[in-house]
1. Can you tell me which residue is most open to solvent (accessible area, probe 1.4 Å) among those in region 595-643 that are under 24 Å from the mean Cα position of the chain (by Cα) and within 19 Å of THR289 (Cβ to Cβ)?
2. Residue check, PHE560 against (1) out of contact with any Ser or Thr (no Cβ under 8 Å at 6 or more places or on another chain); (2) without any contact (Cβ under 8 Å) to a residue 60 or more places away in the chain; (3) open to solvent by less than 30 Å² (accessible area, probe 1.4 Å); (4) of a type outside the set (Asp, Glu), all met but one. Which one?
3. Within region 145-156, which residues are under 24 Å from the mean Cα position of the chain (by Cα) and open to solvent by 10 Å² or more (accessible area, probe 1.4 Å)?
4. Taking region 618-636 as the region of interest, how many residues are out of contact with any Gly (no Cβ under 9 Å at 6 or more places or on another chain) and not in a loop (DSSP other than H, G, I, E, B)?
5. Of the residues GLY224, GLY198, which single one is closer than 24 Å to GLU56 by Cα, among the small types (Gly, Ala, Ser) and open to solvent by 50 Å² or more (accessible area, probe 1.4 Å)?
6. Yes or no: SER298 within 23 Å of GLN232 (Cβ to Cβ), open to solvent by 20 Å² or more (accessible area, probe 1.4 Å), free of Cβ contacts under 8 Å to residues at least 60 places away in the same chain and in a loop (DSSP other than H, G, I, E, B)?
7. Specify the residue that is surrounded by the fewest Cβ atoms within 10 Å (Cβ to Cβ); the eligible residues are those in region 391-419 that are basic (Lys, Arg) and in contact with a strand residue (DSSP E or B) (Cβ under 7 Å, 6 or more places away or on another chain).
8. Residue by residue through region 482-523, note down the ones that are touching a Pro at 6+ places or on another chain (Cβ under 8 Å), of a type in the set (A, V, I, L, M, F, W, C) and within 23 Å of GLY582 (Cβ to Cβ).
Amino acid sequence: MRFRWRATASGKKWAITALAAMVACFGLLCGAVSASSSRQQGPPAGGARKATGITEVPETVRVLMPDKSVRVMYMDDYLKGVVPAEVSADWPYDALCAQAIASRCYAATAHKYPNADVDTTTNSQVWRDQHDPRTDLAVDSTHKVAALYDGQVIEAFFFGHCDGHTRNSEDVGWGDLPYCRSVGCPCGNTTLWGHGVGMCQEGARVLAQNGWDYRDILKHYYTGVEVRSTEQTASNWYFAEGTSRAGFATYLCLGNPGQTDAKVRVSYMTDGDGSVDRDYTVPAHSRRTVLANADVGSGKDFSCEVLSTNGVPVVAERPIYFDYKGKWTGGSDTVGSAFLRPTWYFAEGTTRSNFETYLCIGNPSDSEAQVTVKYMVEGAGSQDRSYTVGRRARKTIEVAREIGTGKDFACTVDSPNRVGLVVERPMYFNYQGNWTGGHDSLGSLSARPSWYFAEGTTRSNFHTYLCLANPSDTAATVKVVYLLSGGGKIEKGYSVAPMSRTTVVAQNDVGTGRDFSCRITSTNEVGIIAERPMYFKYGGEWTGGSDAMGTSYPKPSWYFAEGTTRPNFATYICLSNPSEKGAQVKVTYLKGDGSTAEQQVFVAALSRTTISANDFLGVADDASHDIGIKVESTNNVGIIAERPMYFDYGGSWTGGHDAMGY
């Protein structure tokens, strides 16, 4: 008997149901074969556990190395050495993603040694200090995704191949795990290689070749699980920057994509004037706009905390529009941080003529923060400066006064007494003496080997740069892969010296007239930071600039709180798909009047697509044209989403800003 494991055009859902039934029959026909007796991946001492007690994948894992030392690694950095060691990197994308998730679950739950979670052998799962771009992408694209049973991360056992069906966990003496049930498998082998419990790696490859999504693969081999991100939704947001000085208008945009109204408290921490609290309701499926100037009064610099007091997850952004010192008009925007951390990183900053750069440090805690800023000057080494930020206060640093003028720099902001902070870097400029504006970026929480951007262009009147910072003591070898709108890619290589930064002119890499997204990889695994500043004269008349910190992870879901298609505003959504599988994307617009609208978009593999919200929603001066945005890849392909906007605010302040989604 021969089966064809192929999803048909009559519908993926029907095909999966039919294939599952065929797989089950195949397993019943094959009979039982004893499990492998070789020492393979197995449960912790004491047997497997029905409940692991783990609801979120941890950030790090402790790895017992061959020399008996224990190395603490970021979970995804560890997995990038596991996946290509466990399976072939040329396997289908969904098979690689399924392996990445199974290995993530196993590492999160193993705890095999008193001082380490896993080792580097088949006693846990194989790890080697070698990476591959395809398996790296599979790990990045499934960041924090896990298989869960009753809300807890499972012990996701896997093995080489079976003989037509997998084994129950109790059949090999591991105890009764409800998600490790014997199921039929299309791997095509007649012998068992491995313990036989959980996912058959060869079977996963066959299913992926026949169109199965990685979630369906995992659900087949692990009975009764759900496959989803364990990243926690946010009900707290923090901003370091905000001002109600003359010539500045600061807003908070609050988006609620959920089913329940959100009760939100905004706590403003002003420079030297204590704090001010204001309460708001954000209706379900909606967004609300708060004018911070009206909340705090005029002439105040502030940081703020946005808290959903009834626990309903929200998204918060903070656009600012300005006439800086009465000479440079523009705007900036950032999504807030859901975290307070003692260390922050930036790749961009300059004290050149006609640029003014600041660091805003917010301390919402009840402890005074000692702060050290390490300025890494391009081509000139590093300089350290120390500061104190009072409890529930903010501090503003004018960088030119600290390091002098005429310097391009990156920086690290660190609290030696480990107080949690939020840090931003606003900049104002008259770019090349012609284009005035400003931009702002929230810092990165870590230096990472991979970065992604959805937006970038070398059209006429647009100048796009990549700023790459290396805060380590080892030079970073960096590859930039530009994914062009409409298909095609261009690859370039760079070296970033230790404790330094490098500036890349995108036009020199891709030529003129190109829209692109990009993936930036430190091929020798040295952690870097990547930002993308842009300067422009949009439509030949609106001058300004924008900046975005990259993201380290493609995801199937992204959220924005800001967006508008009122007159004199142009809002776009840039979608990048760095994978080899096309992405079916649904965009939901959460309108200020409580109504919603949906748009379906296809993003081809290894490409980017740009959506005009104005074209889809139309233009009108009312609340229904203020929008929050939810972006979902309905076929689970990891994508990147950014939202650039251009404007003539109040008919006199032209500019633009951009935000990476949350």
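1. Residues of region 595-643 under 24 Å from the mean Cα position of the chain (by Cα): 598-613, 627-643.
Within this subset, residues satisfying the condition of being within 19 Å of THR289 (Cβ to Cβ) are 613, 627-630, 643.
On the way: ALA613: 0, ILE627: 0, GLY628: 0, ILE629: 1, LYS630: 38, ARG643: 0 Å².
Out of the qualifying residues, it is LYS630.
2. (2)
3. GLY151, GLN152
4. We begin by selecting, within region 618-636, every residue out of contact with any Gly (no Cβ under 9 Å at 6 or more places or on another chain); these are 618-621, 632-634, 636.
In the following step, the residues that additionally are not in a loop (DSSP other than H, G, I, E, B) were identified as 632-633.
Total meeting the criteria: 2.
5. Just one listed residue meets the conditions, GLY224.
6. Working: within 23 Å of GLN232 (Cβ to Cβ): no; open to solvent by 20 Å² or more (accessible area, probe 1.4 Å): yes; free of Cβ contacts under 8 Å to residues at least 60 places away in the same chain: yes; in a loop (DSSP other than H, G, I, E, B): yes.
Answer is no for this residue.
7. Applying the first criterion (basic (Lys, Arg)) to region 391-419 yields 391-392, 394-395, 401, 407, 418.
Okay, now just the ones that are also in contact with a strand residue (DSSP E or B) (Cβ under 7 Å, 6 or more places away or on another chain), so 391-392, 394-395, 407.
On the way: ARG391: 13, ARG392: 19, ARG394: 27, LYS395: 21, LYS407: 19.
Per the stated criteria, the residue is ARG391.
8. Listed by number, the list holds a single entry, LEU483.
The values are calculated or read from the model by the stated rules, or taken from the named source; none is laboratory data. This one's a predicted model, so the numbers in the text were calculated from it and none came from an experiment. FYI the Cβ positions are ideal-geometry reconstructions off the backbone, even for glycines, and counts take in every protein chain you see. For the accessible areas, the whole protein counts, side chains as well, though only heavy atoms, and no ligand, DNA or RNA atoms are used. Shrake-Rupley method; radii C 1.70, N 1.55, O 1.52, S 1.80 Å.
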